[in-house]
Structures are given as C-alpha cells and as structure tokens.
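Input: a single structure, listed below in structure tokens.
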Amino acid sequence: MSGQQEGQHRLRYAIIGAGMSGVMAAIKLLERGDTDFAVFEKGAELGGTWRDNRYPGLTCDTPSHAYSYSFALNPDWSAYYATGPEIHAYFKGVAERFGVMPHIRFNAEVTACRWDDAAGRWHLEIADGSTFDADVVIAASGVLHHPKVPDLPGLESFAGKAFHSARWDDSAVLDGTRVGVIGCGSTGIQIVNALSSRAARLVHFQRSPQWIMPVVQFEYTPEQRAAFAADPSLIEAIRNDPQYWEAVYRFTEGVTDFTSPQIREIEEICRQNLEQSVRDPELREKLRPDYHAACKRLIYSWEYYDCVQKPGVFVEVGAIERIEPEGVRMKDGTLHELDVLVLATGFKADSFIRPAVVTGRGGQALDDFWSVRPTAHYAIAMPGFPNFFMLNGPGAPVGNFPLIDIAERQWEYITQLLEPVAEGRAATVEPKREAYEAYEARRIAAARRTIFGSGCTSWYLDKTGVPATWPWGYHDFARAMAAPVAEEFSFAG
Ligand code: NAP
C-alpha cells in the first residue's frame, strides 16, 4: 500500500526503540504516507543490540542475506555470516535511505507510558522531561538488552578490567594478556573464538557446556557482490535456499516436541561434531553437555572447537568459588590468574519495555498484568492496553526463527488489526480477555512440551520454569500472523 487511503484517519504513533524492529515499523509507516510519529530511542545511536554489543568476534549466526529486511536487500554483505559492525552499518544506512532519521529522538528514554481513559490516547513521558501523546504505541524495545551481571563474591575486588559483554571496555588490553571469559552462550563462544589467537592465556569458564551445531562460513567475492547488485534475484535465491529452510524447519518444527525425530537428528549432528572435532578425550568430556541439544539456545559455530584446542586456551568446568584481585578462584582451590575478565553471562530476558512504567485502562499496571510472567496475545497485544502493540514481545519466536522475518510478519498482523481504527470505524482495538486467557493456556501447555522445557536452565524459562517462547512451528506462526482472528479482539469507540 502506498500513500494514505481516502477515508483513513491520521493516527499518531509512538515507536519505542530504534533497533531492528523500530526502524522497520518507521519505514512501514512512511511507506504508506503516515508521517505523524516519533521513534524514541534511549541511546545516542540507533541499532539496538548491534549498537550495544561491540565485543570482538560479534557475528550474527543467521545468514546475512536472511538477516536483512525483505524490502532492503543488501548485495554488499561481506560473508555468509556478517559481523556486528557490518550489520550495525546496514541498519543505519537503511534508516537514512528510507528517511527515518528525522523521526528519531535520540537520548530520549521513555520512562512512562500511560493510557488516558478520558482522552482515549497514550501519554508518554520522556526522561528529558518532555511528553508525547499518541493514538498507537509500538513497543519495539528489544528483548536482550538488560545485562545480567553475575552475583559472584569478590567481583568488585578484581584488580584488572571486568565488564559485561554488552558493555565492552575498549581500554582493556587483550593482546598478549591473560583473559577469562565466563559464560558459554552464543556470546561467550564468539568472544572465545576471537580471543583465542590474541590472548596469551585464555580461560573459558563453562558452568554448563553447550552443544555446537557446525555451520560453514565463507566470504563473498567482489565478483559475487557485483552480481548480487546487478541481479537481486540471486539474493532472493540465497534467502530461499531450500537447504537453509530445511534446517530452519527441522529446528522450528522439531523444538515443539522434545521427543521429535528432528531433535534427535539435531543432537546427533552436534554429538558427531563434538566426537570428530575434539581430539583430547579429557577435553571432549569437559565439553559434553548433559542435557538435550537445543534445550538451551543452540550455538552455531564453524570454529569454536578449533579455537578451544589452540595452545594457551583452557576450558574450566569447575564451580567458581569467588573472584579475587588476581583472578578467579575455583571451589577446588585452583586460582586462574587474569588481567581481564569478560562476563558473557547473558541478559534479564523478562524486562521488555520495562523499566518504563506502563499503565493501561483504569490505571492497570503492566507490572501487575505481568506479575507471573510477561505475556501477550500472540506475543503482540494485551487486554486492557488498547492500541498497544509489541514487536518481538513476550512469547514471540525469539531464538527460534530469523528475527527480522518475525518482526515483518508481526507488523502485517498489527496493520490488519488497526484497519478499523485507521478507517475511523473504531477508536481502539485490544484482545478480549477470554481470548487472551484461552490463548495463553494453550501456549503454556504447548511450551511445557517443547525442547526448551526438557530439563536445562536457560533464559527461555520464565520464573515458574515454563518456556517463555513461541511453542509452535514456523508455519503456525506465519499462518497466525497472516490474519488476526477478528472475534478475538474488541473494537471500541
Ligand atoms: P546466555 O545464552 O544467557 O548465556 C549466559 C552464559 O553465562 C551461560 O553459559 C551461563 O551458564 C553463564 N552464566 C551466567 N551466570 C553465571 C554465573 N554466575 N557463573 C557462571 N556462569 C554463568 O547469554 P548470551 O551468550 O549473551 O546469549 C543470549 C542470547 O543472545 C542467545 O541465546 C542468542 O539468542 C542471542 N545471541 C545471538 C547471537 C547471534 O549470533 N545471533 C550472538 C550472541 C547472542 P548456565 O548455562 O549454566 O546458566
């Protein structure tokens, strides 16, 4: 659709967050001629996770051509898996090209977002003291952006540099020094890969070793990139590569049932990777997980097992007793002396738009609505919070499918929901409470059967131990997003 259609009401939008999803939402509004909106960004730059994460080795483990907006293909990706700085530059370039920049208010953290029953609008308060009223709020505030710093005794006493992976300290010297990396999620693994040839001594602290899915990385040649620029169908061919999608389906359909043959197949591939890649039997056993593959977010790597076998790289699977000025003291008494300690210890994954204070109809607090766990109808909207929508919100397939694809599909769903409001046939839309409760009961029942609930710890689990993610397959998600069920929503006013 291009241009505002006749008979449509001009709605005023507030988009919260200028990361991948927020920039996409802004572009979609501009494409259809909606210019009355602002994007509130707490940082001084756009890019969300790609702005915050600057650690050495940062790479997206979704193929670069799949990790691109469908409307802004990029012939210039340097490799099959692109690096963080390259992805950050891509988002900045796209935002500029599509005219999003003038709409972004930087250093503008939304501290409160209150539904005004009398006015029938949202009232936003910004940290700089300004306010903004909007008909529609799009919360594109990201998932993994509040670092989880471990509660390790003595951490503050460490004499060297200690910092979280998403708050990289550029003054830390990594070349030729002794570095410790705590954590072996996707982040810790990528950091160890990058530092394995730089540090004099590198210790990888692994509380729970991970399964590693082998993948192949390669660079695109200048000739290939020129060909992509000349013929975008070559990019589409990569995006639609049957082998890639077969792997996506194997994973996304398999995770819905932890006894599925797909999960067994994934585990076998990972097991063989471990058996065949790690020569030293003692190290191999240290690296062997004691839970099912894909229970934690699977690691995709073409190099971790090579890197961890380099001289000067050590895996420590013992329990940490405390941090001392000189390094990390293990429970068995061993002291790993270090100059730099990287905390690749993950994120508080249940914050979403919080700490912003959100209140819906009748002053209902989001904190109360989410007192058990963050949830939303189809991961997007909540009863009592009219015209309020989330991109990559609670219960979305974050971790299961390519995130840009998810956000684009969610946007189509939101657009359809808002049609009666945009056409002036209703003032507000929100899910009916019964529909939301029935959905959530189904989601929880299905989530318990997923591989994520098969007996491991991870950021997927909510505080009651239920996987917080989308528990069905890719096709179910695509179908659900293609057309919201109108009867599940109330349109008022
Ligand atoms: P994470 O997956 O939550 O991993 C945190 C790691 O820190 C785990 O190994 C955890 O051990 C360990 N840990 C936490 N507290 C600890 C403590 N007190 N003592 C010892 N170890 C501790 O975090 P992440 O690696 O930052 O990744 C988060 C998510 O970001 C990923 O799952 C992925 O979805 C996304 N990500 C994606 C990419 C990509 O390429 N697309 C790259 C990076 C991150 P336990 O397992 O024992 O708790």
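The values are calculated or read from the model by the stated rules, or taken from the named source; none is laboratory data. Only a predicted model underlies this, so the values are computations on that prediction, with no experimental measurement involved. In this analysis, Cβ positions are derived from the backbone assuming ideal geometry, glycine residues included, and neighbour counts consider all displayed protein chains. Heavy atoms of the whole protein, side chains included, go into the accessibility calculation; ligands, DNA and RNA do not. Shrake-Rupley method; radii C 1.70, N 1.55, O 1.52, S 1.80 Å.
Key figures
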| quantity | calculated |
| --- | --- |
| Per-region count, the stretch 122-157, residues within 14 Å of the ligand (Cβ to nearest atom) and farther than 30 Å from Ile414 by Cα | 8 |
| Exclusive hit being at pLDDT 95 or above, within 13 Å of the ligand (Cβ to nearest atom) and open to solvent by 60 Å² or more (accessible area, probe 1.4 Å), set Arg207, Arg178 | Arg207 |
| Any hit, the stretch 104-111, residues being of a type in the set (Val, Ile, Thr), within 23 Å of Arg54 (Cβ to Cβ) and in the same structural domain as Asn53 (by TED's automatic domain parsing) | yes |
| Residues of the stretch 375-400 satisfying the condition of being in a strand (DSSP E or B) and either modelled with pLDDT under 95 or closer than 20 Å to Val23 by Cα (or both) | Ala381, Phe388, Phe389, Met390, Val398 |
| Out of Val372, Val358, sole residue that is among the β-branched types (Val, Ile, Thr) and in a strand (DSSP E or B) | Val358 |
| Residue tally, condition away from the ligand (no atom under 16 Å from the Cβ), of a type in the set (Val, Ile, Thr) and under 17 Å from the mean Cα position of the chain (by Cα), over the stretch 372-416 | 2 |
| Test set (1) within 25 Å of the chain's Cα centre (by Cα); (2) open to solvent by 60 Å² or more (accessible area, probe 1.4 Å) - Ala293 fails condition number | (2) |
| Lone qualifier among Gly48, Gly33, Gly57, Gly19 - being surrounded by 21 or more Cβ atoms within 10 Å (Cβ to Cβ) and at positive phi | Gly48 |
| Inter-residue pairs, beta-carbon under 6 Å, first free of Cβ contacts under 8 Å to residues at least 40 places away in the same chain and assigned by TED's automatic domain parsing to the domain that holds His164 and in the stretch 332-356, second part of a strand (DSSP E or B) and within 15 Å of the ligand (Cβ to nearest atom), 6+ apart | Leu335/Gly327; Leu335/Arg329 |
| Verdict on Thr457 being closer than 30 Å to Thr259 by Cα, under 25 Å from the mean Cα position of the chain (by Cα), open to solvent by 30 Å² or more (accessible area, probe 1.4 Å) and β-branched (Val, Ile, Thr) | yes |
| Evaluation of Gln217 against (1) open to solvent by less than 10 Å² (accessible area, probe 1.4 Å); (2) closer than 28 Å to Pro147 by Cβ; (3) not acidic (Asp, Glu) (one fails), failing number | (1) |
| Among residues of the stretch 295-323, those that are within 11 Å of the ligand (Cβ to nearest atom) and under 22 Å from Val215 (Cα atoms), counted | 7 |
| Answer residue from the stretch 330-351, given it is under 23 Å from Asp175 (Cα atoms) and away from the ligand (no atom under 11 Å from the Cβ) and is surrounded by the fewest Cβ atoms within 10 Å (Cβ to Cβ) among those | Leu335 |
| Output for the stretch 324-350, where each listed residue is touching an Asp or Glu at 6+ places or on another chain (Cβ under 6 Å) and either hydroxyl-bearing (Ser, Thr, Tyr) or over 23 Å from Gln210 (Cα atoms) (or both) | Glu326, Gly327, Glu337 |
